[in-house]
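The values are calculated or read from the model by the stated rules, or taken from the named source; none is laboratory data. Bear in mind that the values here come from a model prediction, so they are computed numbers and not experimental data. When we count neighbours, we look across all protein chains shown, and the Cβ atoms used for this are built from the backbone with ideal geometry, even at glycine. Quick note on the areas: whole protein, heavy atoms, side chains included, nothing else; ligands and nucleic acids left out. Shrake-Rupley method; radii C 1.70, N 1.55, O 1.52, S 1.80 Å.
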Amino acid sequence: MNEPSRRTPFLQKKRIASLWLFTIVSLLVLGVSRPPINEAGGLDIVLDLCGSFLVLIGVFGRLWSILYIGGRKNHQLVTTGPYSITRNPLYFFSVVAIFGISLMFGSVLVAVAVPLVAFGIFSWTARREARYLQHLFGPQYSRYAQVTPLFWPKLSLMRSPSEIEITVGTLQSTLRDALFFIVLLPVMELLEYLRVQEHITALVTIP
């Protein structure tokens, strides 16, 4: 843990670039693969519904989190709302959405491996950011970190103010972020349709 890493905020471009690369590679692999279940069967429909529900939870969770942190990041230590139950609600809800997308493919391996890789990226980023926030806010962050989990929420800690300030810019950036996960839903359905109709050939079955 060197001093520059404490005093320099983590470049989010690295995280975003990593996630985009991970997403593109994952979609390419899934596009030429098939799950072990019947993609036109009842189990596939159930998995699609469960996956879509988790994606919506992830999207609304991110919206909730952005409304609290928008415009305040690295300027004010936010410890209420979603930030009272986890220090990184944006990352947590992103993993929930990614798990939902992965579940829709119908493979146990994909449903486990893809969220784990995403969790690894977000967890690494969260630890880097924690060092910077410790430098920025000192004892205040130390007290916050002692009781609030880094990643997995602890619902019993929930605290919410009676009102929060929301800016137009925050809403716009929130909607742009949400579109990333919303767009993945029809993309997954399109890949499945192309496989079922044999417009693309699956080269391997992923268990």
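Table for the structure above
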| item | result |
| --- | --- |
| Scan of the range 176-190 for residues that are within 18 Å of the chain's Cα centre (by Cα) and touching a residue at least 40 places away in the same chain (Cβ under 8 Å), ordered by number | 177, 178, 181, 182, 184, 185, 187, 188 |
| Output for the range 29-49, where each listed residue is exposed (fewer than 13 other Cβ atoms within 10 Å of the Cβ) and in contact with a Gly (Cβ under 8 Å, 6 or more places away or on another chain) | 36, 43 |
| Segments classed as helices (runs of 4 or more DSSP H), wholly inside the range 79-158, with at least 1 members that are farther than 30 Å from residue 185 by Cα | 108-137, 139-147 |
| Residue ID - surrounded by the most Cβ atoms within 10 Å (Cβ to Cβ), chosen from residues in the range 146-155 that are touching a residue at least 24 places away in the same chain (Cβ under 8 Å) and out of contact with any helix residue (DSSP H, G or I) (no Cβ under 8 Å at 6 or more places or on another chain) | 149 |
| Selection within the range 97-142 - among the small types (Gly, Ala, Ser), touching a Leu at 6+ places or on another chain (Cβ under 9 Å) and either without any contact (Cβ under 8 Å) to a residue 40 or more places away in the chain or open to solvent by 40 Å² or more (accessible area, probe 1.4 Å) (or both) | 111, 123, 126 |
| Tally of residues being assigned to a helix (DSSP H, G or I) and not hydroxyl-bearing (Ser, Thr, Tyr) across the range 159-181 | 11 |
| Single residue of the range 160-207 satisfying the filter (within 29 Å of residue 33 (Cα to Cα) and among the polar types (S, T, N, Q)) that is least open to solvent (accessible area, probe 1.4 Å) | 205 |
| Check on residue 131, modelled with pLDDT of 90 or more and over 14 Å from the mean Cα position of the chain (by Cα) | yes |
| Positions within the range 71-87 being at negative phi and open to solvent by 20 Å² or more (accessible area, probe 1.4 Å), in sequence order | 72, 73, 75, 76, 77, 79, 80, 87 |
